[in-house]
Amino acid sequence: MSHIIAPSLLAADFADLKGAVALVDRSPAPWLHLDVMDGVFVPNISFGFPVIQAIRPLTKKVFDVHLMIVRPDNYIHAFRDAGADVLTVHAEACPHLHRSIQAIKAAGMKAGVAINPHTNVSVLEDVLADIDLVCMMSVNPGFGGQKFIEHTYAKIAALKELRRHTGSTALIEIDGGVGKMNFTQLITAGADVLVAGNSVFGATDPARAIVALSGK
Ligand code: DX5
Ligand code: ZN
């Protein structure tokens, strides 16, 4: 099994972010998923670049920053300076998606595009060859701990076909409701990156949960 586990800090104890980052740092997970919410694009507010900047010195793991915000173009350099390695914007929040992707790449980061559960993968057709990651939401964005939407499997199949057709090498990331009950099936379906919030930080032993999801 060759896949990337990206624990989501959203489900961690915010009073001990240092401890949460240290736990991921010691784990086999290569990425740390960071959910930025603005209370406008999604009905919740999480954290922004000051927090990302504060935890950046604590680990060399890949910072996978998922922007659930309107007008992300205004903040691309701020997130780069805060330490983002992969910067993902929502297709639904970007009227000039091509421009946003080019700006992220020009700033020296890998570019990701996220799509909500209701958004068809076909919206990605004309940008898929340009991007490094598709973040496929398997819950409606805004909150951790939600139930996985089963229709995601059909969307993974459609995205794999579109990826082949466009010659893209973008990774397929699944975000929301991922855990021990479905991770094997998701990898078999074609997922490359699995975001895991509550299934890691809500577990009795988070370190062990990461090891289990890593297939190690
Ligand atoms: C949801 C976020 C997810 C969230 C996943 O809006 O984008 O990354 O942290 O949490 P779980 O794994 O608990 O569904
Ligand atoms: Zn996310």
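A short reminder: the numbers here are calculations on the coordinates, not readings from a lab. This is a predicted model, so every value here is computed, not measured. Quick reminder, even Gly has a Cβ in these numbers, built from the backbone with ideal geometry, and neighbours come from all protein chains shown.
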### Message
Could you tell me which residue out of Phe14, Ile45, Val113 lies farthest along the dipole of the chain toward its positive end? Charges go on the beta carbon: Lys and Arg +1, Asp and Glu -1, centred on the Cα centre.
### Response
Phe14
### Cα-only Debye scattering, the chain: base-10 log of I(q)/I(0) at q = 0.08 Å⁻¹
-0.24
### Task
Straight distance only, please: which lysines reach the Cα of Lys216 with their own Cα at less than 17 Å, same-chain residues fewer than 8 apart left out?
Lys180
### Query
Taking the Cα atoms of segment 1-125, what is the range of coordinates along each of the three principal axes, in descending order and whole Å?
38, 35, 29
## Note on the structure
In the neighbourhood of Ser2 defined by beta carbon distances under 13 Å, the net charge of the other residues (Lys, Arg +1; Asp, Glu -1) is 0
### Message
Taking every pair of distinct Cα atoms and averaging 1/r, then inverting, what Kirkwood hydrodynamic radius in Å comes out for segment 94-210?
### Response
14.9
### Query
Cross-link list Lys60/Lys155; Lys61/Lys160; Lys18/Lys60; Lys18/Lys105: which exceed 25 angstrom alpha carbon to alpha carbon?
Lys60/Lys155; Lys61/Lys160; Lys18/Lys105
### Message
Using the Cα centre of segment 24-154 as the reference point, and only Cβ charges (+1 on K/R, -1 on D/E), how large is the resulting charge dipole? Debye, rounded to the nearest 20.
### Response
380
### Message
Only bridges whose two residues both fall in the chain count here: according to DSSP, what percent of them are antiparallel, nearest 5?
### Response
5
### Message
Between Ala111, Ala154, Ala196, where does the largest GNM mean-square fluctuation fall for the chain, given springs only between Cα atoms within less than 10 Å?
### Response
Ala154
